[in-house]
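The values are calculated or read from the model by the stated rules, or taken from the named source; none is laboratory data. Predicted model, so just to flag it, every value in this text is computed and none were measured. Reconstructed Cβ throughout: ideal geometry from the backbone, glycine too, with neighbour counts over all protein chains shown.
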Amino acid sequence: MENELTPLLVILGPTGSGKSRLGLEVAERIGGEIVSADAFAVYRGLDIGTDKPTVEDRQRVPHHLVDVADPTVRFSAGEFAEAASASIEEIVGRSRTAVVVGGTHFYIRALLEGLFPSTPRNPVHGEKLAKEWDRDPESVYQQLQKVDPEAAERINPKDRQRALRALEIFEVTGETLTSHWQRHQHPQKYRALMVAPKRSRSDLYARIDARADKLFASGLIEEVRRILASGVPVDAHALKAIGYRQVVEMLEGQCDLETAIDNTKRSSRHFAKRQLTWMRGLREGSLHWVPPADQGGAPTITNLWDQHTGG
């Protein structure tokens with residue numbers, strides 16, 4: 001059964017880790033086409049802040065799901081999963097290899113596992129659990145281990161958000177998160193090989209800071225002005241992206257340029273930290289840490305892919 005699933009290469013990683021370059025080099029090596037899994041690269045006009053592939057990059061390797069949505073509307077994970085599945089089927093149908101590249105992990109999860117209807121929230125339960133976590137996170141995690149040991153095994157003990165959400169689901173519905181997932185399980189379509197470039201925390205943060213400086217020097221402020229002038233409202237989901245949000249705040253007089261740049265760096269580092277936490281507790285499958293592109297990552301992934309596909 002597993003061998004009948006479509007092999008799929010997924011290159012993920014925290015922001016600033018170099019996964020885009022890695023994806024480009026690997027795709028060239030294995031005859032691949034890139035399916036972007038970036039929640040903001042889907043929006044037309046958001047070019048600088050999302051660090052979209054250049055025209056030259058798109059000529060080297062075809063890219064899918066870039067510039068496919070209007071920034072006035074929200075492009076959901078469900079829409080991504082449907083569009084990505086169609087792109088993958090079309091790519092594979094031409095005897096090419098689909099390479100999913102991106103850091104929007106909810107998109108990747110939706111593609112690999114499907115989505116199920118959201119369970120109800122209860123602010124009272126949520127607030128109570130949050131206070132308990134603040135007092136004694138270890139005790140709260142132990143509660144999760146008792147009521148839903150399978151979920152606890154998947155969730156990192158330090159992942160506050162996921163642990164509290166799993167307990168809230170149990171308290172509100174009387175059903176564990178694991179049971180909920182099993183009832184709404186979608187048929188598996190892909191046999192995914194998941195890889196990510198490994199960098200030291202200091203190296204990653206230095207790259208993130210340098211990238212923020214580059215975005216602002218490359219005209220990010222002017223790009224946001226153009227987007228707003230085109231009629232996109234300041235509260236549009238597209239402008240919640242890191243960098244765009246900080247520029248909007250600056251244009252509204254909430255901070256100066258230096259603060260906007262510093263806030264962009266800080267938000268990017270926090271986001272990278274959350275992404276790394278998610279990756280450590282990855283439930284979609286095992287993750288292979290590989291060298292970045294500048295340290296020989298592409299041939300490493302190519303070898304892993306050959307093993308994965310029996311090539």
**Prompt:** Restricting to the stretch 258-311, what's the tally of residues that are among the hydroxyl-bearing types (Ser, Thr, Tyr) and farther than 24 Å from ALA27 by Cβ?
**Reply:** 5
**Request:** For GLU82, work out the one condition from (1) closer than 30 Å to ASP235 by Cα; (2) assigned to a loop (DSSP other than H, G, I, E, B); (3) out of contact with any Leu (no Cβ under 9 Å at 6 or more places or on another chain); (4) of a type outside the set (Lys, Arg) it doesn't fulfil.
**Result:** (2)
**Request:** State yes or no: is GLY23 more than 20 Å from ARG274 (Cβ to Cβ), modelled with pLDDT of 95 or more and buried (at least 23 other Cβ atoms within 10 Å of the Cβ)?
**Result:** yes
**Request:** Just one of (1) assigned to a helix (DSSP H, G or I); (2) modelled with pLDDT of 95 or more trips up TRP289, so point out which.
**Result:** (1)
**Request:** Considering only residues that are in contact (Cβ under 8 Å) with a residue 60 or more places away in the chain, polar (S, T, N, Q) and in contact with a helix residue (DSSP H, G or I) (Cβ under 8 Å, 6 or more places away or on another chain), look in the stretch 267-311 and name the one that is surrounded by the fewest Cβ atoms within 10 Å (Cβ to Cβ).
**Result:** THR302
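One line per residue, one yes/no per condition, for (1) in the same structural domain as LEU24 (by TED's automatic domain parsing); (2) of a type in the set (Lys, Arg); (3) free of Cβ contacts under 8 Å to residues at least 40 places away in the same chain; (4) out of contact with any helix residue (DSSP H, G or I) (no Cβ under 7 Å at 6 or more places or on another chain):
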{"site": "ARG191", "(1), (2), (3), (4)": "yes, yes, no, no"}
{"site": "ALA196", "(1), (2), (3), (4)": "yes, no, no, no"}
{"site": "SER202", "(1), (2), (3), (4)": "yes, no, yes, yes"}
{"site": "ARG211", "(1), (2), (3), (4)": "yes, yes, no, yes"}
{"site": "PRO233", "(1), (2), (3), (4)": "yes, no, no, yes"}
**Prompt:** Which residues, taken from the stretch 131-151, are at pLDDT 90 or above and among the aliphatic types (A, V, I, L, M)?
**Reply:** VAL140, LEU144, VAL147
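In the stretch 24-38, which residues are within 17 Å of ARG94 (Cα to Cα) and of a type outside the set (Asp, Glu)?
Going through the stretch 24-38, the residues within 17 Å of ARG94 (Cα to Cα) turn out to be 27-35.
If the condition is that a residue be within 17 Å of ARG94 (Cα to Cα) and of a type outside the set (Asp, Glu), then ALA27, ARG29, ILE30, GLY31, GLY32, ILE34, VAL35 are the ones that fit.
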**Message:** I'm checking my understanding of the structure. Among residues of the stretch 159-176 that are assigned to a loop (DSSP other than H, G, I, E, B) and not hydroxyl-bearing (Ser, Thr, Tyr), which one is farthest from the chain's Cα centre (by Cα)?
**Reply:** GLY174
**Verdict on VAL247 being in contact with a Ser or Thr (Cβ under 6 Å, 6 or more places away or on another chain) and of a type in the set (A, V, I, L, M)** = no
**Request:** Determine whether THR176 is farther than 28 Å from GLY23 by Cα and either surrounded by 14 or more Cβ atoms within 10 Å (Cβ to Cβ) or out of contact with any strand residue (DSSP E or B) (no Cβ under 7 Å at 6 or more places or on another chain) (or both).
**Result:** yes
**Request:** Can you run down the residue pairs with Cβ atoms below 6 Å, 6 or more apart or on separate chains, where the first is in the stretch 40-53 and on the phi > 0 side of the Ramachandran plot and the partner is part of a loop (DSSP other than H, G, I, E, B)?
**Result:** GLY45/PRO71
